[in-house]
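Please read the structure below before turning to the comments.
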Amino acid sequence: FFFPFRKMPLPSFRAALSLLVSGVAGSAAPVMLTVAGSDSGGGAGIQADLKACEALGVFGTTALVALTAQNTLGVHAVHPVPAAFVRAQIDAVLGDMGAHAVKTGMLPSEEAIATVAEALDEHAVAIRVIDPVIVAASGDVLAGPAAVAALK
């Protein structure tokens, strides 16, 4: 993880959220946009990010890049969200509510990565936690070699 304002690596997403909360103390709840996949089993992805936000008093917003059919046994299917719709979600959230920080998770394709990077640049998002999820806990691959290369 890298937190640009602090110029220091962070040990975890939870630590990033804690720094975010302490950085906007005294104001309304800080807003974080999570750009990731949905985990139908509820243990990872957007669902886990929203749980972490709630636990730390951060208002979580979302942009889905993929839908997954998964449970504790594995990932059974992945349905990427079209890039134009990913962009529409990001623009809708950042254009209205803004975000003190953005966190990414699963970005399943080169196109998704380019779309998200372009949107974050255009909206001048300064605090970015890039947490690429390449392989699920079950060992199932969520991003292919081209996507991994695009992240570098």
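The values are calculated or read from the model by the stated rules, or taken from the named source; none is laboratory data. What you are looking at is a predicted structure, and each value in this text was computed from that prediction instead of being measured. All Cβ positions, even for glycine, are placed from backbone atoms using ideal geometry, and neighbour counts span all protein chains on display. Accessible surface areas use protein heavy atoms only, side chains included; no ligands, DNA or RNA. Shrake-Rupley method; radii C 1.70, N 1.55, O 1.52, S 1.80 Å.
Within the accessible surface of segment 70-151, defined with a 1.4 Å probe on protein heavy atoms only, the carbon and sulfur portion equals 59 percent. Across segment 93-152, Cα-Cα distances exceeding 16 Å account for 47% of all pairs.
Under a 5 Å amide H cut-off, with hydrogens placed 1.01 Å from N, THR62 pairs with THR34 among residues at least 5 apart or on other chains. For segment 77-94, backbone phi angles converted through the Karplus equation (6.51, -1.76, 1.60; θ = phi - 60°) give residue-by-residue couplings of 6, 10, 10, x, 7, x, 4, 4, 6, 4, 4, 4, 5, 4, 4, 4, 6, 5 Hz, Gly and Pro being listed as x. A simple packing score, the average count of other Cβ atoms within 10 Å per residue, orders the peptides 77-85, 61-69, 29-37 as 29-37, 61-69, 77-85, with the highest score first. Evaluated at q = 0.13, 0.17 Å⁻¹, the base-10 log of the normalised Debye intensity for segment 50-129, with identical point scatterers placed on the Cα atoms, takes the values -0.44, -0.74. Per residue, segment 37-152 exposes 49 Å² of solvent-accessible protein surface, assessed with a 1.4 angstrom probe and all protein chains in place.
Residues whose amide H falls under 5 Å from that of GLN70, counting only those 5 or more places apart or on a different chain, are SER40, GLY41, HIS76, with hydrogens built in the peptide plane.
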